[in-house]
Amino acid sequence: MTIQYYQDNAEAFFENTIDVDMAELYQPFLSHLSKGALILDAGCGSGRDSKMFLDKGYRVEAIDASSEMVKRAQKVTGLDVRLKPFNQVNAINHYDAIWSCASLLHVPESELLDTVKLLAKSLKANGVWYLSFKYGAEQRNKDGRLFTDMNEERLNKLIDKVDGIRLESQWITVDKRIDRQEYWLNALLKSVSKGS
């Protein structure tokens, strides 16, 4: 259902998000990374964030579950953006960082824990992970998309069930798009030292 929305509305979504200024959200994430770090842009959408990371000297692998968004992200970034849902990420201890901006929010609540556990395995020890959800306490459908909303309590409960990951910080922001007044829960996670 959600993927079909992006297939059908890819151009409008692209135009609505490509130029949004995300500098305020990049800063706390990138402050944990050294130049050349490998970032997984998980649910890359328009490719806006991947391009910015590339421009700042980071290495990037980008994935999205919508073929129409993949096409657009490839044009923006020049990357070989992969058509891949989260549950097909099979790397282990591979990425220095994961950026999942407004993407995990489309995972059904019943699948979210397994998805987070899977992605956590792909992070190297001391890796950093940014994620964001619309602020709330429910799963809902809106305009052909499924949203799993998060507040601090729900996110804390989720992360507590994932081995090897700790919550570093979380904060609330207002949507960066000028026509929106929605609130977002942002979080930084840290991968703790992994056993041999």
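The values are calculated or read from the model by the stated rules, or taken from the named source; none is laboratory data. Being a predicted model, the structure only gives us computed values, none of them experimental. Heads up, the Cβs are rebuilt from the backbone with ideal geometry, glycines too, and the neighbour counts pull from every protein chain shown.
The table below gives the values:
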{"read-out": "Residues (outside any loop (DSSP other than H, G, I, E, B), of a type in the set (A, V, I, L, M, F, W, C) and loosely packed, with under 14 Cβ neighbours inside 10 Å) located in region 139-179", "value": "171, 172, 174"}
{"read-out": "Residue that is surrounded by the fewest Cβ atoms within 10 Å (Cβ to Cβ), among those in region 1-51 that are of a type in the set (Phe, Trp, Tyr) and over 18 Å from residue 66 (Cα atoms)", "value": "26"}
{"read-out": "Close pairs (8 angstrom Cβ cut-off, 6 or more residues apart or separate chains): surrounded by fewer than 14 Cβ atoms within 10 Å (Cβ to Cβ) in region 107-127, assigned to a helix (DSSP H, G or I) anywhere", "value": "111/87; 114/87"}
{"read-out": "Condition broken by residue 194, with the remaining ones in (1) over 17 Å from the mean Cα position of the chain (by Cα); (2) modelled with pLDDT of 95 or more satisfied", "value": "(2)"}
{"read-out": "Candidate set from region 72-84 (those that are touching a residue at least 24 places away in the same chain (Cβ under 8 Å) and farther than 25 Å from residue 34 by Cα); member that is surrounded by the fewest Cβ atoms within 10 Å (Cβ to Cβ)", "value": "75"}
